[in-house]
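J.: I'd like to ask some things about the structure below.
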Amino acid sequence: MNNPSSFPFPEQASNLAPGVDWIFYTLTALCGAMTLLVVALITLFCVRYRRGSRASRANANPRSLPWEVGWTLLPLPIFLAIFFWAAKTYFRMSRPPKGAMEINVVAKQWMWKIQHSDGRREINELHIPVGRAVKLVMISQDVIHDFYVPAFRTKQDVLPGRYTTEWFTPTKPGKYHLFCAQYCGLDHAIMGGWIYVMMPADYAQWLAQGQPPDSLAARGERVFYTLGCSGCHAANSKIRAPLLDGIYGKPAPLSDGTIVTVDDQYLRDSILLPNKQIAAGYEPVMPTFQNRISEEDLTAVIAYLKSLGSVERNDP
Amino acid sequence: MNTETRELPMTLEPRANYLNDGHSIRSWLLTTDHKRIGLLYMVSITLFFFVGGAAAAMMRLELLRPQGGLVTSALYNKLFTMHGVIMVWFFLIPSIPTVLGNFLVPLMIGARDVAFPRLNLVSWYLFIAGGASALWAIIAGGVDTGWTFYTPYSSTYANGHVLAMAAGIFIAGFGSIATGLNFIVTIHKMRAPGLTWFRLPLFIWTIYTTSLILVLATPVLAITLTLMALERLFGVGIFNPAMGGDPLLFQHLFWFYSHPAVYIMILPSMGVVSELIPCFSRKSIFGYNFIAYATISIGVFGFLVWGHHMFVSSQSVYAGMIFSILSFLVSIPSAIKVFNWTATLYKGSITFQTPMLYAFGFIGLFTIGGLTGLFLAALAVDVHLHDTYFVIAHFHYIMVGGAVMGYLGGLHFWWPKITGRLYCEWLAKLAAVTIFAGFNLTFFPQFILGFMGMPRRYPVYAPEFQVLNVLSTAGASILAIGYLLPLAYLLWSLRYGKPAGANPWKATGLEWKTSSPPPRDNFANAPVVTEEPYNYDAQAAELSLEENSHA
Ligand SMILES: [Cu+2]
Ligand SMILES: [Cu+2]
């Protein structure tokens, strides 16, 4: 192991870890004190008021109301404080910062497939530079999995049919466990791998290794042509279908009158379940591509459609 | 409480009681006597407990080494599924309500039986039919979905006898509903004259609340399992997104039942402890009304916190916040109870017989279990701890440290009433201490394992987790001995135990006013209640002690 964790304290290797640990240790102190108090009181009473002891038993039944009110109200502010503290941290954990490096993760029984935006692919390994925010966009090909990196103190279920995201900024170079935390069948326990957090120089070296592959978007463009999307969606097509340039992140009016923002999930659903949401003003002629496109190709096509976002729209 | 029963002689056999009221197999299998039905349940859940325990033992042995090697992953997955299903639905949920509840509810309220004695017997048959279906699923090859049956794994991908297992739980569930209904009606309608709601033993309050949860929540479980089965059998797309379903819907439905189910398991134990503490400290319970209200509010709040199992499932962040704060709030009534039990000891006249040892064990372990629940209710911390061994440790402190300790405490307390015999006290104390020690050694290391990041449901694991796993397995062996001891000495007491007499603990409560074992119809004369519950007097207990020593 590169990083023998200082047992029993797990390594803190992300920007999220110290925040989580602070709450954890505070809770440990509070709850420890509480347990000790209860145990001490019980022990004290057991010794003092054991049968046959000389302690006085007069007025053995004090009025309970003031006590009850006291120990109902006392924990309340403490609980509320802990709640707010943990909720604030949770909120931060659920909002990836702008400009985070986006990496696609496809989970399947029982491996993790990683796609970097430059097209580089890894299996059960993830190489990332230290100090840069990373946002994972994750999807499962089959059952529910969970991308868990204890050293980063974060995890997120990876669902079939729905993109979920997870983010962190690694703060310490090293090699860290990646675990699947959601039971997913036979080899759940070995559906893991390693996260390599690298110094920028080492990371550059890693990037320089081997042939630089096509970028994810370039691969997506190829898929877009081979699957025949371009036959309908190109500007000069005979079939009336919406142009897809620049739609990412913009509002899309639907035939039922609602307006949604185009995001990864919307693009995904448009391709797999085209009849779920139909673009306003068009006939629902687009065929479903469910079972015809793999999760990785789908990620690539979506990356391609997103890259079109930067292109100026031609005159319609 | 005042009843007009004559003093009964200390001899056993000649007098008619529910045990010698017919010796044929038929007289047991077709009985409608709530006491005999309680015993039928006791025998069946004990069998299930040791089946589920055997699965746990094999898991703990597998985990001795990081690379495993004792069982295959496939078998390990079946073992933890079997352990979970059996322990939750065929031991913990029925344990106190169907064994002690069946035996005691009519006795404690001064009734001759439950409201619907035949329905009561039907409940047991449903339970056995469900149990048989689950056991069949296990023997025929097993199920590897985990006791949570998460979709789409369970509905589409899992092999094995998922449907038979689910059918078992489904059928047993109807037994639970019928039992709940029976208790609710019994407690409403059949209380002895003078036994007002606020004179009821707290055990009855907890059984009442538990029954409400059983009746309201179990149908949701039945619906959920049915939907899962529909998807698995006919491909109706409900939970599998590939068929247009939503996998989170399953989790919402499942936990809407399964979180309240935690209270089904723990509330009756709290009821038992509320009987034990006053009796062995010769004090009236501190804050009776508050404990009763706390019981009800735990039952109600328990229905509103299911989403705390889904903080990393991609449930909305705002929903997460609401479930988090409600989970903090639900812990307050539990804390109230712990404080009240502690305060009851104040100026008591405390003795340390076996049931009291279990009560102390319960308070300690339940306190730790409850407080570690706060870690999991705190959103950001749960992101790290969810689905790790921390969760395993937490709920075992509640469900084994809490619920099982309560059950054993109750069993030891009412055993003389149930059987008419006393067990060997020093062995029983030894067992109680062994269980307490073994339990802590088994489960405390798992809190640390979880914090270090070891996920649950792993037959093989990273080497740095080994030391704590070895400790845990060592604890489990001690725990196993602790659980086998009572089996031995309680069985022994059936034949060789000293006769107990009607009231060996000098306890208040109507069940102690009749002979041990009670007659078929419970009371020779219908009891009338004129006093508050827990009418103990520590001062008098001390005085009588002094008089005895002077005499
Ligand atoms: Cu998994
Ligand atoms: Cu829960």
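J.: Could you work out the relative contact order of chain B, using alpha carbon pairs under 8 angstrom and six or more residues apart, expressed as a whole percent?
T.: It rounds to 21 percent for chain B.
J.: Follow-up question, since we're still on this one. Please sort B:533-544, A:226-237 by packing, taking for each peptide the average over its residues of neighbouring beta carbons within 10 angstrom, highest first.
T.: B:533-544, A:226-237
J.: By accessible area of protein heavy atoms, probe 1.4 Å, what ranking do A:R51, B:R495 get, highest first?
T.: Listed by decreasing accessible area, they come as B:R495, A:R51.
J.: Take peptide B:148-154, look around each residue's Cβ out to 10 angstrom, count Cβ atoms belonging to other protein chains, and average those counts.
T.: 4
J.: While we're looking at this one, here's another question. When you look at the Cβ of every residue in A:154-163, what mean number of other chain Cβ atoms sits within 10 Å?
T.: Counting Cβ atoms of other protein chains within 10 Å of each residue's Cβ and averaging gives 6.
J.: Once the whole set of protein chains is in place, how much accessible area is left on A:D202, using a 1.4 Å probe, in Å² to the nearest 10?
T.: Only protein atoms counted, so the area is about 70 Å².
J.: For the protein assembly as shown, what does the helix formula give at 222 nm: sum of -39500 (n - 2.57) over DSSP H segments with n ≥ 4, over the residue count, nearest 500 deg cm²/dmol? List each step's numbers first, then the result.
T.: Values: 25 runs with 452 residues, N = 867.
Only helices count here, giving -17500 deg cm²/dmol.
J.: Top mean-square fluctuation among A:I78, A:I293, A:I271, Gaussian network model of chain A, C-alpha springs under 10 Å?
T.: So, out of A:I78, A:I293, A:I271, the one fluctuating most is A:I78.
J.: Excluding residues fewer than 8 places away in the same chain, name every one of the lysines whose C-alpha is closer than 23 Å to that of A:K172.
T.: Result set, ordered by chain and number: A:K98, A:K135, A:K155.
J.: Right, another one. Counting only other chains, and only Cβ atoms inside 10 Å, what mean value do you get across the residues of A:49-59? Each step should come with its number before you reach the end.
T.: Details: counts 11, 6, 12, 8, 3, 1, 3, 3, 13, 2, 2.
Per residue, the number of nearby Cβ atoms from other chains is 6 on average.
J.: Could you calculate the contour length gain from A:M101 to A:A58, that is, 0.36 nm times the residue separation minus the distance between their Cα atoms, to one decimal place in nm?
T.: That pair, A:M101 and A:A58, stretches by 8.3 nm at full extension.
J.: Now a separate question. Classify the protein assembly as shown from the C-alpha gyration tensor, please: rounded if a/c falls under 1.5, else prolate or oblate depending on whether a/b exceeds b/c.
T.: Judged from the Cα gyration tensor, the protein assembly as shown comes out prolate (a/c at least 1.5, a/b above b/c).
J.: Hey, how many Å between the Cα centroid of region B:489-514 and the Cα centroid of region A:173-205?
T.: That distance is 60 Å.
J.: Report the net charge of residues surrounding B:T351, where surrounding means a beta-carbon distance below 11 angstrom and charges are Lys +1, Arg +1, Asp -1, Glu -1.
T.: With Lys, Arg at +1 and Asp, Glu at -1, the neighbours total +4.
J.: Could you work out what % of the accessible surface of region B:23-544 is carbon and sulfur, using a 1.4 angstrom probe and leaving DNA, RNA and ligands out of the count?
T.: Whole-percent figure for carbon plus sulfur exposure: 72.
J.: Longer than 27 Å from Cα to Cα, which of B:K35/B:K337; A:K108/A:K175; A:K88/A:K276; B:K429/B:K506 are they? Say none if no pair is.
T.: Those over the limit are B:K35/B:K337; A:K88/A:K276.
J.: On to the next question. Summed for both chains, how many Å² of accessible area, to the nearest 100, are buried between B and A with a 1.4 Å probe?
T.: Values: alone 21820 and 19270 Å², together 33550 Å².
Approximately 7500 Å², summed over both chains.
J.: Relative to the present Cα-Cα distance, how much length would full extension add between B:R495 and B:A437 at 0.36 nm per residue of separation?
T.: Computed gain between B:R495 and B:A437 is 17.9 nm.
J.: Moving on to the next point. Based on the Cβ-Cβ distance from A:A40 to B:L64, what FRET efficiency comes out when R0 is 35 Å, to the nearest 0.05?
T.: Efficiency, rounded to the nearest 0.05: 0.45.
J.: Now for a separate question. Ignoring ligands, DNA and RNA, what accessible area per residue does chain B give at 1.4 Å, in Å²?
T.: Per-residue accessible area for chain B comes out at 33 Å².
J.: With a 1.4 Å probe and all protein chains left in place, how much accessible area per residue does region A:51-178 have, in Å²?
T.: Result: 41 Å² per residue.
J.: At a Förster distance of 22 Å, what's the computed FRET efficiency of B:I322 paired with B:T226, Cβ-Cβ distance as r, to 0.05?
T.: 0.20
J.: For a quick check: with amide H placed at 1.01 Å from N, whose amide H comes under 5 Å from A:E102's, ignoring anything fewer than 5 positions away on the same chain?
T.: Here A:K135 satisfy the definition.
J.: If we count every other residue with Cβ under 11 angstrom of A:P160's Cβ, Lys/Arg +1 and Asp/Glu -1, where does the sum land?
T.: Local charge sum for A:P160: -2.
J.: Would you work out which of B:I325, B:L47, B:G438 lies farthest towards the positive end of the dipole of region B:23-544? Charges go on Cβ: Lys and Arg +1, Asp and Glu -1.
T.: Checking the options against the dipole of region B:23-544, the answer is B:L47.
The values are calculated or read from the model by the stated rules, or taken from the named source; none is laboratory data. Since the model is a prediction, treat every value here as computed from it, not as a measurement. Note: ideal-geometry Cβ built from the backbone for every residue, glycine included; neighbour counts use all protein chains shown. Accessible surface areas use protein heavy atoms only, side chains included; no ligands, DNA or RNA. Shrake-Rupley method; radii C 1.70, N 1.55, O 1.52, S 1.80 Å.
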